[in-house]
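Here is the structure we will look at, set down as structure tokens.
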2 protein chains.
Amino acid sequence: MTAKIWTAALVVIGDEILSGRTHDKNIAQVASWLQVQGIRLAEVRVVPDDEDKIAEAVNALRTTHDYLFTTGGIGPTHDDITVDAVAKALGLPVVVHPEARRILENYYATRGGLNDARLRMARVPEGADLIPNRMSGAPGIKLGNIHLMAGVPHITAQMLDALTGTLEGGAPLLTETVGCWTPESEVADILREVEQAHANCSIGSYPFFRDGKVGANFVIRSTDPADLASCVDTLCEALGDAERDFTPGGI
Amino acid sequence: MTAKIWTAALVVIGDEILSGRTHDKNIAQVASWLQVQGIRLAEVRVVPDDEDKIAEAVNALRTTHDYLFTTGGIGPTHDDITVDAVAKALGLPVVVHPEARRILENYYATRGGLNDARLRMARVPEGADLIPNRMSGAPGIKLGNIHLMAGVPHITAQMLDALTGTLEGGAPLLTETVGCWTPESEVADILREVEQAHANCSIGSYPFFRDGKVGANFVIRSTDPADLASCVDTLCEALGDAERDFTPGGI
């Protein structure tokens, strides 16, 4: 029996990513965290601050994956519309979450008090739970398999930390890297043949140019530690036979 | 009459992005380049090295936007399947492009010669043109409104450079930034009201934490220089009236 592969999708929300002003850091951060939870990030969509576009992406992805995450648009200003968009996608009203309100009252007690803008961050689609955020008070939001998180990467990190170990996943995807000071186009046959001979493994090839020399890192991925080790051994042996200057562990 | 807004979508292809191993740099690079061409990046999808997933994303986006770009998966190894996936999406056969073959023969003449793996990089969906790449020989591919580019960011940059000025676009989106050493939640009303008073402008609010202090940058976007200047003036005036420590140009 093949073990279930748990998958997640991520919706990155924000005009600042699509304009090129802000370099996204959440895709890699969420992807790496999901790997450790035994969940595979299967698709990402980046959408603008537009209620319909956000709702469309959420509805396209929430039923086709085990989990859906969003980053961005849960702050206090007029361009923070993720909660409204997700509520719209699910046909739910937006309500003030009493515990979120209490958290924000405490947080802002010494910072000028709760105003209308700050109270926006206590709004949730009806029935939602909170994801704690020790950094800035304002919580993330969990509703069924949907997780709404901050756009600022170090706040997102806090929310992921709070979720660690709470989501059911499968065997984590394991990776090993083998580096080679040679153009990937000279060892393409080796890569393809070794991958074909190891059904539970995939090999990715990532070329680089460094110190005036061409090389590539080959990343072997598998959920089975024994298959992974066997594939790495076979690859190193094949590269060695071809008298390649390779390095287990990558370059 | 409202001027046409030209839009583009980007499909980022690669298991290495979805695993978190590689931090994507192409979204910001393509977005910034498109801005200068007067084309707005409207949506991004990140998909794995899977022919069906790539084809699905290409077909979902190529007709809903003026232009479609892809990055990744056009190299010489077995995991480079973008050409096959796009050909499948369009119902076209894959052929060897004679000019691409000639370029690769020249490039590899002093680098060990053309082999089967390297010849993969001359394969295109039938009817495609080439996008020059001075960096590594292997060209990008242009087919109607679809542009297939490299995944390695500095090669992508070469291909974008070769495309500069060749795509029809509208007025470039202009931006100005105003920074403020204050929590965005204290000036949320000002931001909303100023945006509402300037129909052709949008204001994004991007909080930060620096040197132990909280601040935010407000990015004003418009295709009309006069509207943009007027909106910036109004915003600075409103922040000044609120006795905020603000900085035109951003912090």
**Q.** Residues of region B:132-175 satisfying the condition of being more than 17 Å from the chain's Cα centre (by Cα), modelled with pLDDT of 95 or more and on the phi < 0 side of the Ramachandran plot
**A.** B:139, B:143
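Scanning region A:30-54 for residues that are assigned to a helix (DSSP H, G or I) and either buried (at least 20 other Cβ atoms within 10 Å of the Cβ) or of a type in the set (Phe, Trp, Tyr) (or both), which turns out nearest to the other protein chains (Cβ to nearest Cβ)? Walk me through it before giving the result.
Of region A:30-54, the ones assigned to a helix (DSSP H, G or I) are A:30-37, A:51-54.
Now narrow it down to the ones that are either buried (at least 20 other Cβ atoms within 10 Å of the Cβ) or of a type in the set (Phe, Trp, Tyr) (or both): A:30-31, A:33-35, A:37, A:54.
Numbers: A:30: 8, A:31: 3, A:33: 8, A:34: 8, A:35: 6, A:37: 12, A:54: 11 Å.
Checked region A:30-54; the qualifying residue nearest to the other protein chains (Cβ to nearest Cβ) is A:31.
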(Q) Go through region A:144-164 and report how many residues are surrounded by fewer than 20 Cβ atoms within 10 Å (Cβ to Cβ), of a type in the set (A, V, I, L, M) and in contact with a helix residue (DSSP H, G or I) (Cβ under 7 Å, 6 or more places away or on another chain). (A) 1
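Output the number of residues of region A:9-28 satisfying the condition of being acidic (Asp, Glu) and either modelled with pLDDT under 95 or over 13 Å from the mean Cα position of the chain (by Cα) (or both).
Narrowing region A:9-28 to residues acidic (Asp, Glu): A:15-16, A:24.
Restricting the remaining residues to those that are either modelled with pLDDT under 95 or over 13 Å from the mean Cα position of the chain (by Cα) (or both) gives A:15-16.
Number of matching residues: 2.
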Q: Go through (1) assigned to a helix (DSSP H, G or I); (2) closer than 21 Å to residue A:121 by Cα; (3) not basic (Lys, Arg) and name the single condition residue B:209 misses.
A: (1)
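Give the number of residues within region A:55-102 that are outside any loop (DSSP other than H, G, I, E, B) and either out of contact with any His (no Cβ under 9 Å at 6 or more places or on another chain) or hydroxyl-bearing (Ser, Thr, Tyr) (or both).
Start the filter on region A:55-102 by keeping residues that are outside any loop (DSSP other than H, G, I, E, B), which leaves A:55-61, A:67-71, A:82-90, A:94-96, A:98-102.
Then keep just the ones that are either out of contact with any His (no Cβ under 9 Å at 6 or more places or on another chain) or hydroxyl-bearing (Ser, Thr, Tyr) (or both); that gives A:55-61, A:67, A:70-71, A:82-90, A:94-96, A:98-102.
Result for region A:55-102: 27.
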Q.
So residue A:221 passes all but one of these: (1) part of a loop (DSSP other than H, G, I, E, B); (2) of a type outside the set (Ser, Thr, Tyr); (3) crowded, with 16+ Cβ neighbours inside 10 Å; (4) outside the structural domain of residue A:12 (by TED's automatic domain parsing). Which condition number does it fail?
A. (1)
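Report, by residue number, each residue of region B:42-72 that is touching a residue at least 40 places away in the same chain (Cβ under 8 Å) and closer than 22 Å to residue A:61 by Cβ.
Applying the first criterion (touching a residue at least 40 places away in the same chain (Cβ under 8 Å)) to region B:42-72 yields B:54, B:57-58, B:61-62, B:64-72.
Result: B:54, B:57, B:58, B:61, B:62, B:64, B:65, B:68, B:69, B:70, B:71, B:72.
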Q: Kindly list, by first and then second residue, each pair from a residue in region A:100-129 that is within 14 Å of chain B (Cβ to nearest Cβ) to a residue that is acidic (Asp, Glu) and not in a helix (DSSP H, G or I), limited to pairs with Cβ atoms under 7 Å and residues at least 6 apart or on different chains.
A: A:120/A:80
Q.
Against the condition at pLDDT 95 or above and either within 13 Å of another protein chain (Cβ to nearest Cβ) or not in a helix (DSSP H, G or I) (or both), how does residue B:228 come out, does it pass?
A. no
(Q) Please verify whether residue B:208 is modelled with pLDDT under 90, in the same structural domain as residue B:181 (by TED's automatic domain parsing), closer than 18 Å to residue A:21 by Cα and not basic (Lys, Arg), treating the condition exactly as stated. (A) yes
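Taking region A:171-185 only, how many residues are touching a residue at least 40 places away in the same chain (Cβ under 8 Å) and over 25 Å from residue A:223 (Cβ atoms)?
Of all residues in region A:171-185, those touching a residue at least 40 places away in the same chain (Cβ under 8 Å) come to A:171-182.
Adding the requirement that they be over 25 Å from residue A:223 (Cβ atoms) leaves A:181-182.
Residues in region A:171-185 being touching a residue at least 40 places away in the same chain (Cβ under 8 Å) and over 25 Å from residue A:223 (Cβ atoms): 2 in total.
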Q) With respect to the numbered conditions (1) at the interface with another protein chain (Cβ under 9 Å from one of its Cβ atoms); (2) hydrophobic (A, V, I, L, M, F, W, C); (3) in contact (Cβ under 8 Å) with a residue 60 or more places away in the chain; (4) in contact with an Asp or Glu (Cβ under 6 Å, 6 or more places away or on another chain), which one is the sole condition not fulfilled by residue B:216? A) (3)
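The values are calculated or read from the model by the stated rules, or taken from the named source; none is laboratory data. This one's a predicted model, so the numbers in the text were calculated from it and none came from an experiment. Heads up, the Cβs are rebuilt from the backbone with ideal geometry, glycines too, and the neighbour counts pull from every protein chain shown.
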